[in-house]
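Taking it in order: structure first as structure tokens, then the write-up.
The values are calculated or read from the model by the stated rules, or taken from the named source; none is laboratory data. Model, not experiment: these values are computed from the prediction. No Cβ is skipped: glycine too gets one built from the backbone with ideal geometry, and neighbour counts run over all protein chains shown.
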Amino acid sequence: MRRWAALLLPFALTACGLHPLYAGGSHGVVAQTLGAIQVEPIAGQAGWLMRNALTDRLGVGGTSAPRYKLIVELDDQIAGLGIRADNTVTRERRTLRARFRLVDADAAAATRLDATAGSDTGIDVVSSDYATVAAEQTALENLTDDVADQIVARLALYAQRTEKH
């Protein structure tokens, strides 16, 4: 009985409606759409990191004019969590939130997707200011990567659901 179940399992999976997101590789609908997105400049250090992360993940750099523009607004916050009796902070929470909009690159600039992404992490505050600043910087870099992954995943789902080639 188990042998038959194992043989029939692949047929059951194909009937469930699951489809590979990046079907067709670099010539597929999703990859072509992601490559046609121009990431607009984003203010600040977090913006610079985010724009680079998004550009890397989207595979931007094709020879044709972009069909879409990605507009990202970031909110980067650090808040003290652990506080001693002498009012010194022992733990911080760094939160990075992004509102992103995918708009047409033409003059009409119709909004195709308007969504948010975000992540947060904890940072230990130690006696060395240098170590604390380094930990905050590393946290920002890691949060940027996490949020960029979320944004690209949402853009890929949008491309799969809406684009026809």
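Going by the conditions given, is residue 140 closer than 30 Å to residue 36 by Cα and either assigned to a loop (DSSP other than H, G, I, E, B) or not small (Gly, Ala, Ser) (or both)? Yes, satisfied.
Residues in region 70-100 that are of a type outside the set (A, V, I, L, M), under 22 Å from residue 55 (Cα atoms) and buried (at least 17 other Cβ atoms within 10 Å of the Cβ) were compared, and the one that is farthest from the chain's Cα centre (by Cα) is 76. Restricting region 109-137 to residues that are assigned to a loop (DSSP other than H, G, I, E, B) and out of contact with any Asp or Glu (no Cβ under 9 Å at 6 or more places or on another chain) leaves a set whose member that is farthest from residue 88 (Cα to Cα) is 109. Between 72, 89, the distinction of being hydrophobic (A, V, I, L, M, F, W, C), touching a residue at least 12 places away in the same chain (Cβ under 8 Å) and touching a Gly at 6+ places or on another chain (Cβ under 7 Å) belongs to 89 only.
Take the conditions at pLDDT 95 or above and of a type outside the set (Phe, Trp, Tyr) and apply them to residue 147. Does it pass? Spelling it out, residue 147 is indeed at pLDDT 95 or above and of a type outside the set (Phe, Trp, Tyr).
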